[in-house]
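> To start, I am sharing the structure in question, which I have written as structure tokens.
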Protein chains: 2
Amino acid sequence: MISLTEENYLKELFNLSSESGEVNVNELSKRLEIKMSTVTSMMKKLAEKELVHYESYKPLKLTEKGKIEAGLIIRKHRLTEMFLVEKMGFGWEDVHEIAEQIEHIQSVGFFEKMDEQLGYPTIDPHGSPIPDKNGKIVWPTYSKLSECKAGETVRLSAVINTSSEFLKFLNVREMKLGLKIKIKSIEIFDKSMEVSYGKKPSETLSNIVCERLLVEKEGRF
Amino acid sequence: MISLTEENYLKELFNLSSESGEVNVNELSKRLEIKMSTVTSMMKKLAEKELVHYESYKPLKLTEKGKIEAGLIIRKHRLTEMFLVEKMGFGWEDVHEIAEQIEHIQSVGFFEKMDEQLGYPTIDPHGSPIPDKNGKIVWPTYSKLSECKAGETVRLSAVINTSSEFLKFLNVREMKLGLKIKIKSIEIFDKSMEVSYGKKPSETLSNIVCERLLVEKEGRF
DNA sequence: ATATAAAGTTAGATTAATCTAACAAAAATA
DNA sequence: TATTTTTGTTAGATTAATCTAACTTTATAT
């Protein structure tokens, strides 16, 4: 049995390793807001349970079993977010906090019903892929908007940061997933971008923002 | 702040006192499947927090504050059960276990959305009243079917036991809330009742069952 | 009314999850 | 390379929630 606390460690390990590859105790500690000493002892416990490969002073790694368990928790989180947006009328900026709690509900039927009612979605409201019933996840090949070139037209496919402040920022600018964005020019000095999209003929997006927007390049035709 | 564990004690205290009036440590202990010694120490803790009136060897009583807090938890439980049945397609026999978990979710918006989508319901799928936003509850004046007389026609308004076995028993017999039931006769020996309802011209219900069915007497006309 | 049973309490131990403080290893820098 | 900083570990304490075992109070039954 995996405790709620252990679930949180597994989930953050999973998230951190998809973001930054290698995960160390310090990073995990900061992310969970739990002291390093506590993280170390929890890693030993999770290693006992064969959910984590742990060696002193080495980077942390989930075992295959750990990845699956983490994937299943993230599946519950993302299905919940989708349900909250699609079926309950929440904005994408309000769902994270609730999903953080509902992801720990133990009930196969509950999440199966959500999945079914949503028509078996594969991405959540922020564009992140939803792991399948076996906990497996496939990340589509998105690029950061910040890495695109002037003149390109791209489609907004996901957002990296799901903080409600960032999402509200996007709301104000009428930016949502699926939006077609044209990159008009890039300021070399600060890498800010002048773009057009929807009804907006010209908006400037800072590099900080562009780093957090994932896009797909439009087939040229 | 009230912990999840404390919430469970408050809720069971509330439920037991509406069922049986006075609540003692032993009953609460059995209901929560927690040893009496643990219950005693938790009662002292809840008394510290002014949620329970506690005196050694005396029956347990919620304070006004404790009743409100308990009412708010039960509100979340019953709104959830209603949501699961009405909006997610669960049967009334499957919702208790899930609601036991979701009742602990901390999010005002989540339960407000449920309430709104359900049209501000006042009873849950088992006929129990849903406490209002202030944690206040009003029990309608139901009678037990077992206390009715032969010849009476009554309407099934609530079920006392929400165990999935009992509810499945009712499902098999096509009994659901709102059903009009005619009491044809009562067997004096074991107090079982011969009744008719819906498409069933004659069914026998044991006293055990009749004790768990709450009904409203139909206005005679 | 006294003995027995049931209910309730107290003391002390246990477990999970956390912390602080001291120490050790690894990485960065002078 | 030697020193300093950062990162990681260990040891020991703390808190919440639980338990067992011993004891006490209240209720029940002869």
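> Just the accessible area for A:THR141, please: 1.4 Å probe, Å², rounded to the nearest 10?
That residue has around 130 Å² of solvent-accessible surface.
> If amide H atoms are built 1.01 Å from N in the plane of the peptide, which residues on other chains or at least 5 residues away come under 5 Å of the amide H of B:ILE123?
B:ILE130
> Right, here's the next one. Set the Förster radius R0 to 51 Å, insert the Cβ-Cβ distance between A:LYS136 and B:TYR120 as r into 1/(1 + (r/R0)^6), and round the FRET efficiency to 0.05.
E(calc), rounded to 0.05, equals 0.75.
> Using only Cα atoms, locate the centre of the stretch A:48-102 and the centre of the stretch B:141-218, then give the distance between them in Å, rounded to an integer.
If we compute the Cα centre of each part, the gap is 46 Å.
> Here is a follow-up. For the interface of A with B, what's the total buried accessible surface in square angstrom, probe 1.4 angstrom, rounded to the nearest hundred?
Accessible area lost upon association: around 1500 Å².
> Mind ranking A:LYS199, A:LYS149 by accessible surface for me, highest first, 1.4 Å probe?
The residues order as A:LYS199, A:LYS149, largest area first.
> Report which residues of the stretch B:107-151 become buried by 50 Å² or more of accessible surface when going from the isolated chain to the complete set of protein chains (1.4 Å probe; DNA, RNA and ligands ignored).
Buried on complex formation: B:PHE110, B:LYS113.
> Still on this structure: Across the residues of A:37-47, average count of Cβ atoms on other protein chains within 10 Å?
Mean shielding count: 0.
> What does the charge dipole of the stretch A:4-62 about its Cα centre add up to, to the nearest 20 debye, if the Cβ of each Lys and Arg holds +1 and the Cβ of each Asp and Glu holds -1?
For this selection, approximately 140 debye.
> Probe of 1.4 angstrom, ligands and nucleic acids ignored: what's the accessible area per residue over chain A, in square angstrom?
I get 54 Å² per residue for chain A.
> Just the C-alpha atoms of the protein assembly as shown: what Rg/Rh do they give, with Rh taken as the Kirkwood radius?
Ratio of gyration radius to Kirkwood radius for the protein assembly as shown: 1.07.
> Testing the spin-label approximation: label points 7 Å from Cα along Cα→Cβ at B:VAL108 and A:SER56. State their distance in nm.
Calculated label separation equals 5.1 nm.
> Extension gain B:ILE208-B:ARG155, at 0.36 nm per residue separation less the Cα-Cα distance, in nm?
This chain segment gains 17.2 nm when fully extended.
> Let me ask you something else. Long-range amide H contacts for A:LYS184: which residues qualify at under 5 Å (H placed 1.01 Å from N, peptide plane, sequence gap of 5 or more or a different chain)?
Close amide H contacts, sequence-distant or interchain: A:GLY151, A:GLU194, A:VAL195, A:SER196.
> Within the accessible area of the stretch A:47-144, what % is carbon and sulfur when the probe is 1.4 Å and the other protein chains stay in place?
Ligands and nucleic acids excluded, carbon and sulfur reach 50 percent.
> If you take the alpha carbon radius of gyration of the stretch A:92-143 and divide it by 2.2 N^0.38 Å, what ratio comes out, to two decimals?
After normalising by residue count via 2.2 N^0.38 Å, the value is 1.22.
> Could I ask something else about it? Largest first and to the nearest Å, give the Cα extent of chain A along each principal axis.
Principal axes ranked by extent give 56, 43, 31 Å for the Cα atoms.
> Kindly give the distances from A:PRO59 to its copy-mates, label point to label point, with each label point 7 Å from Cα along Cα→Cβ, as nm values to one decimal ordered shortest first.
Those separations, rounded to one decimal, come out as 6.4 nm.
> Which entries in B:LYS61/B:LYS182; B:LYS61/B:LYS149; B:LYS58/B:LYS144 show an alpha-carbon gap greater than 32 Å?
B:LYS61/B:LYS182; B:LYS61/B:LYS149, as the Cα separations exceed 32 Å there.
> If you don't mind, there's one more thing I want to ask. For chain A, with the dipole built from +1 on Lys and Arg beta-carbon atoms and -1 on Asp and Glu ones, taken about the Cα centre, which of A:TYR142, A:SER56, A:SER17 lies farthest toward the positive end?
Checking the options against the dipole of chain A, the answer is A:TYR142.
> Can I ask one more? With the label 7 angstrom out along Cα to Cβ, how close does A:ASN207 come to the same site in each of the other copies, in nm, nearest first?
Counterpart label points of A:ASN207 in the remaining copies fall at 8.3 nm.
> Follow-up. Note down the accessible area of A:LYS191, probe 1.4 Å, to the nearest 10 Å².
Surface accessible to solvent at A:LYS191 totals approximately 130 Å².
> Counting Lys and Arg as +1 and Asp and Glu as -1, each charge on the Cβ, what is the dipole of chain A about the Cα centre in debye, to the nearest 20?
So the dipole magnitude of chain A works out to roughly 460 debye.
> Taking R0 as 35 Å, what's the FRET efficiency between A:GLU86 and A:LYS65 from their Cβ-Cβ distance, rounded to 0.05?
0.65
> Something else now. Determine the principal axes of the Cα atoms in the stretch A:93-221, then give the extent along each, sorted from largest to smallest and rounded to whole angstroms.
51, 33, 25
> Karplus couplings for the stretch A:209-216 from phi (6.51 cos²θ - 1.76 cosθ + 1.60, θ = phi - 60°), rounded to Hz, Gly and Pro as x?
Values, residue by residue: 6, 4, 5, 9, 9, 9, 10, 10 Hz.
> Hey, what's the Cα Rg ratio for the stretch B:39-127 versus the globular rule of thumb, 2.2 N^0.38 Å?
1.30
> Amide H neighbours of A:LEU179 under 5 Å, counting only residues 5+ apart in sequence or on other chains, H built in-plane at 1.01 Å?
Placed amide hydrogens put A:LEU156 under 5 Å from A:LEU179.
> Now, a different point. Tell me the net charge near B:SER202. Cut-off is 14 Å between Cβ atoms, B:SER202 excluded, with +1 for each Lys or Arg and -1 for each Asp or Glu.
+1
> A further question follows. With +1 on each Lys and Arg Cβ and -1 on each Asp and Glu Cβ, how big is the dipole of the protein assembly as shown about its Cα centre, in debye rounded to the nearest 20?
In debye, rounded to 20, the protein assembly as shown gives about 540.
The values are calculated or read from the model by the stated rules, or taken from the named source; none is laboratory data. None of the values given here were measured: they were computed from a predicted structure. We place every Cβ from the backbone using ideal geometry, glycine too, and count neighbours over all the protein chains shown. Surface areas here come from the heavy atoms of the whole protein model, side chains and all, with no ligands, DNA or RNA. Shrake-Rupley method; radii C 1.70, N 1.55, O 1.52, S 1.80 Å.
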